[in-house]
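Below: one structure, written as structure tokens.
The values are calculated or read from the model by the stated rules, or taken from the named source; none is laboratory data. Just so it is clear, the structure is predicted and the values come from calculations on it, not from any experiment. Positions of Cβ are backbone-derived with ideal geometry, glycine not excepted, and every protein chain shown enters the neighbour counts. Only protein heavy atoms, including side chains, enter the accessible area calculation; ligands, DNA and RNA are left aside. Shrake-Rupley method; radii C 1.70, N 1.55, O 1.52, S 1.80 Å.
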Amino acid sequence: MPVDIPNPWIEVAKQKKPPYLAKCDRDIKLADFYSLRVELLPQPYIGKVLSAKVICLLLNPGYGETEENVELDCQEFQQALRDNLDPVKSRLVHLDNQFDWTNGGKWLRQKIANPLASHGVTRDDLDRNFAIIEYFPYHSKSANFNLSDPLESQRYGFELVRQAIRNNAIILIMRSEKLWFEAVPELASYRQTGNCILAHSSRNAILSEANLGAENFTKVIEALKS
């Protein structure tokens, strides 16, 4: 079911040209955030974030010049990213056969799909039960946001995490543990249930037994296959 606060990304999906900023973020002084790439559509989440049984928490969508060229030159990919801003329609768009050669597709295969495939997790399993929520929704070359308070648009993503807690989903904090616990304090108590799992290495967001621990990794595999 949809979360209780307004989604700031629906209006962004309708914008015809950059800068692609949520209306609630338009007072941002871009000079203070010189690394933001607002000529690209934000990616606050991918996958079925409203119902996934495994939610992966990351920091923010990265940036590479090839990604910019792909999005700006490929209308089909840009439209898919626009559609993805509606969480009801959101999916692992980068794993589509027509887009899995993008930077996002290569990352998902290397860090998520390929390590899990050797344990019998299919792309259909991922499409059905796996999602990613980014702490910060905008592309950037670096992750030094220097924010005294989160952007208003970030609060929607934080509410998606709270809904995942209510859904009893497995939540994997793969990056920026401190920021996520500050943004969603409920994660601390949720961790006591065993369904909030911290990666052993925050520098390598790979879904592997070594990074999650054997028991946790088995739990993730079972949830994805269910």
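Going through (1) touching a Pro at 6+ places or on another chain (Cβ under 9 Å); (2) open to solvent by 10 Å² or more (accessible area, probe 1.4 Å) one by one, F136 falls short only on (2).
Residues in the stretch 203-218 that are among the hydrophobic types (A, V, I, L, M, F, W, C) and surrounded by fewer than 15 Cβ atoms within 10 Å (Cβ to Cβ) were compared, and the one that is nearest to D149 (Cα to Cα) is A210. Residues of the stretch 47-57 that are buried (at least 23 other Cβ atoms within 10 Å of the Cβ) and either of a type outside the set (V, I, T) or within 20 Å of S202 (Cβ to Cβ) (or both): G47, A52, V54, I55, C56, L57. Among the residues that make up the stretch 93-113, is at least one of them aromatic (F, W, Y) and closer than 19 Å to A205 by Cβ? Checking the stretch 93-113: at least one residue is aromatic (F, W, Y) and closer than 19 Å to A205 by Cβ.
Need pairs with beta-carbon distance below 6 Å; first residue over 16 Å from R37 (Cβ atoms) and within the stretch 140-155, second outside any loop (DSSP other than H, G, I, E, B) and at pLDDT 65 or above; sequence gap 6+ or separate chains. Pairs found: E152/C24. A Cβ distance below 6 Å, combined with a sequence gap of six or more or placement on separate chains, defines the contacts here; from the stretch 200-226, residues that are in contact (Cβ under 8 Å) with a residue 60 or more places away in the chain reach residues that are assigned to a helix (DSSP H, G or I) and β-branched (V, I, T) in the pairs L207/I112. When the residues of the stretch 11-20 are filtered to those that are assigned to a helix (DSSP H, G or I) and either within 13 Å of Q79 (Cα to Cα) or among the polar types (S, T, N, Q) (or both), the one that is least open to solvent (accessible area, probe 1.4 Å) is V12. Among the residues of the stretch 76-93, is there at least one that is at pLDDT below 90 and surrounded by fewer than 18 Cβ atoms within 10 Å (Cβ to Cβ)? Checked the stretch 76-93: at least one residue is at pLDDT below 90 and surrounded by fewer than 18 Cβ atoms within 10 Å (Cβ to Cβ).
Scanning the stretch 149-202 for residues that are open to solvent by 70 Å² or more (accessible area, probe 1.4 Å), under 30 Å from L21 (Cβ atoms), out of contact with any strand residue (DSSP E or B) (no Cβ under 8 Å at 6 or more places or on another chain) and assigned to a helix (DSSP H, G or I) turns up R155, R166, K178, E182, E186.
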